[in-house]
Amino acid sequence: MPVDPQIQAILDLLAQGGAPSLASGSPEQARATFRLTTVDMRDPSTLAPVGSIENTQIDGPAGPIPIRIYRPERIDGAVPTIVFFHGGGFVIGDLDTHDDAGRLLCRDIDAVVVSVDYRLAPEHRFPAGFEDCFAAAQWAANNIGSLGGDGARLAVAGDSAGGNLAAAVAIAARDSGQLATQIAAQLLIYPAVDFHVESSHQSRVDNAEGYFLTQADMEWFREKYLTDEEMLDPRASVLHVDDLSGLPPAVIGVAEFDPLRDEGEAYAKKLADAGVHTILHRFDGMVHGFYGMGVLSAAAADAVRTLNGDFKKLLA
């Protein structure tokens with residue numbers, strides 16, 4: 001099917017305005033552009049209401065890690081705790097650009113959400129971001145009583161690069177046994193799971209440009225984050241991890257017009273083949289980033305409700 005008309009209107013405006021590619025400038029310029037199209041252009045009245053928001057920091061492997069804690073409006077007993085990792089190619093994005101995502105997860109799932117402002121490349125290359133995210137998951141596990149309170153319902157979630165980090169943290173938690181409580185579920189929103197330059201995914205060709213995220217952007221992000229030798233590290237290219245058995249149940253959402261579509265679907269299949277309960281949704285007409293487009297597109301809002309609804313069921 002064609003791109004959702006409401007999203008196509010956004011793509012047309014970006015094209016007419018001559019919006020520069022993220023890969024055409026410096027990381028600082030890319031971060032400023034991303035904040036302009038998210039934080040600065042956001043109508044605060046459209047943000048999902050939550051009970052409270054707390055900005056704080058936790059100890060990390062290289063210093064303090066800023067986090068933002070979202071709590072639901074009503075808490076009746078113990079609730080799930082979701083550790084959320086934002087997208088942005090490991091180079092851009094922060095707590096503010098993904099404030100809407102943290103709020104949506106908190107409201108829709110009735111969960112405490114811990115959003116993590118992990119270190120970004122190229123100032124802090126791989127595995128700095130992963131190490132911060134794993135440390136945040138450990139902190140949440142150790143403090144589950146003062147967060148959601150339910151030690152059986154600790155989850156990880158993320159979009160794009162954050163989906164990669166959520167998947168990698170789930171694998172590391174299984175392998176290391178270093179979390180005080182097991183991860184109960186994972187939500188991977190159009191995750192980047194394969195950095196191998198020799199991998200062949202048709203969606204990278206079909207959706208190389210014109211749909212918000214471009215193949216050139218992806219290559220630029222990868223170069224800022226990883227060396228050639230690190231591309232197959234299991235903390236990066238999780239699609240190439242040999243054994244995915246014993247991982248927590250997963251909800252995975254991909255977009256029809258996204259360069260990352262095929263690798264997300266391949267990861268879902270590999271999880272399912274390993275015996276992991278996996279729910280996969282391909283949202284036709286959607287592009288990369290649809291999770292943050294619900295106020296602009298009714299179809300994107302429906303997709304978000306579907307993903308959050310399935311994730312809530314996993315955590316019920």
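The values are calculated or read from the model by the stated rules, or taken from the named source; none is laboratory data. Please read these numbers as outputs of a predicted model, since none were measured by experiment. Note that we place each Cβ from the backbone using ideal geometry, even for glycine, and neighbour counts take in every protein chain shown.
Restricting to strands (runs of 3 or more DSSP E) lying wholly in region 1-100: which have 1 or more residues that are among the aromatic types (Phe, Trp, Tyr), crowded, with 16+ Cβ neighbours inside 10 Å and touching a Leu at 6+ places or on another chain (Cβ under 9 Å)? Lay out the reasoning, then the answer.
Values: elements: 52-60, 63-71, 79-85.
Counting at least 1 such residues, we get 63-71, 79-85.
Can you name every residue in region 271-288 that is in contact with a strand residue (DSSP E or B) (Cβ under 9 Å, 6 or more places away or on another chain) and farther than 21 Å from Pro2 by Cα?
Result: Leu271, Ala272, Val276, His277, Thr278, Ile279.
Which one of these is under 25 Å from Ala184 (Cα atoms) and under 17 Å from the mean Cα position of the chain (by Cα): Ile65, Ile82, Ile53?
When all the criteria are applied, what remains is Ile82.
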Practice item. May I ask you to list the residues in region 228-247 that are surrounded by fewer than 18 Cβ atoms within 10 Å (Cβ to Cβ) and without any contact (Cβ under 8 Å) to a residue 60 or more places away in the chain? Key: Asp228, Glu229, Leu232, His240, Asp242, Asp243, Ser245
Review point. Just wondering, is there one or more residues in region 175-196 that are surrounded by 23 or more Cβ atoms within 10 Å (Cβ to Cβ), touching a residue at least 12 places away in the same chain (Cβ under 8 Å), in a helix (DSSP H, G or I) and touching a Pro at 6+ places or on another chain (Cβ under 8 Å)?
Key: no
**Study point:** Answer residue from region 197-214, given it is of a type in the set (Gly, Ala, Ser) and touching a residue at least 24 places away in the same chain (Cβ under 8 Å) and is surrounded by the most Cβ atoms within 10 Å (Cβ to Cβ) among those
**Key:** Ser203
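Can you work out which of the residues in region 233-258 that are outside any loop (DSSP other than H, G, I, E, B) and not hydrophobic (A, V, I, L, M, F, W, C) is farthest from Ala155 (Cα to Cα)? Quick ask: steps written out before the conclusion?
The first filter runs over region 233-258 and keeps only residues outside any loop (DSSP other than H, G, I, E, B), leaving 238-240, 250-257.
Next, from what is left, pick out any that are not hydrophobic (A, V, I, L, M, F, W, C): 240, 253, 256.
Values: His240: 22, Gly253: 16, Glu256: 26 Å.
Among residues in region 233-258 that are outside any loop (DSSP other than H, G, I, E, B) and not hydrophobic (A, V, I, L, M, F, W, C), the one farthest from Ala155 (Cα to Cα) is Glu256.
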Exercise for review: Looking at (1) over 23 Å from Ser176 (Cβ atoms); (2) in contact with a Leu (Cβ under 7 Å, 6 or more places away or on another chain); (3) without any contact (Cβ under 8 Å) to a residue 60 or more places away in the chain; (4) among the small types (Gly, Ala, Ser), find the lone condition where Ala266 falls short.
Suggested key: (3)
Exercise for review: Provide a single number: the residues in region 104-127 that are closer than 15 Å to Ile69 by Cβ, part of a loop (DSSP other than H, G, I, E, B) and in contact with a Phe, Trp or Tyr (Cβ under 9 Å, 6 or more places away or on another chain).
Suggested key: 1
Check your understanding: Condition test on Ala141, is it out of contact with any helix residue (DSSP H, G or I) (no Cβ under 6 Å at 6 or more places or on another chain) and crowded, with 21+ Cβ neighbours inside 10 Å?
Key -> no
Check your understanding: If you check Ala316, Ala300, which single one turns out to be more than 19 Å from Ala155 (Cα to Cα) and among the hydrophobic types (A, V, I, L, M, F, W, C)?
Key -> Ala300
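Have a look at Ser237, Ser203, Ser245, Ser199 and point out the one that is at negative phi, modelled with pLDDT under 95 and hydroxyl-bearing (Ser, Thr, Tyr).
Ser199
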**Study point:** Members of region 144-174 that are surrounded by fewer than 20 Cβ atoms within 10 Å (Cβ to Cβ) and at positive phi
**Key:** Gly149
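Could you list, in sequence order, the residues of region 17-57 that are in contact with a strand residue (DSSP E or B) (Cβ under 7 Å, 6 or more places away or on another chain) and closer than 24 Å to Pro122 by Cβ? Spell out how you get there, then give the answer.
Initially, region 17-57 is screened for residues in contact with a strand residue (DSSP E or B) (Cβ under 7 Å, 6 or more places away or on another chain), giving 50-57.
Result: Gln57, single match.
For region 285-310, give me each residue that is among the β-branched types (Val, Ile, Thr), in contact with a helix residue (DSSP H, G or I) (Cβ under 8 Å, 6 or more places away or on another chain) and not in a loop (DSSP other than H, G, I, E, B). Please lay out each step first, then the result.
Going residue by residue through region 285-310, those that are among the β-branched types (Val, Ile, Thr) are 287, 295, 304, 306.
From the residues that got through so far, the ones that are in contact with a helix residue (DSSP H, G or I) (Cβ under 8 Å, 6 or more places away or on another chain) too are 287, 295, 304.
Those that are among the β-branched types (Val, Ile, Thr), in contact with a helix residue (DSSP H, G or I) (Cβ under 8 Å, 6 or more places away or on another chain) and not in a loop (DSSP other than H, G, I, E, B): Val287, Val304.
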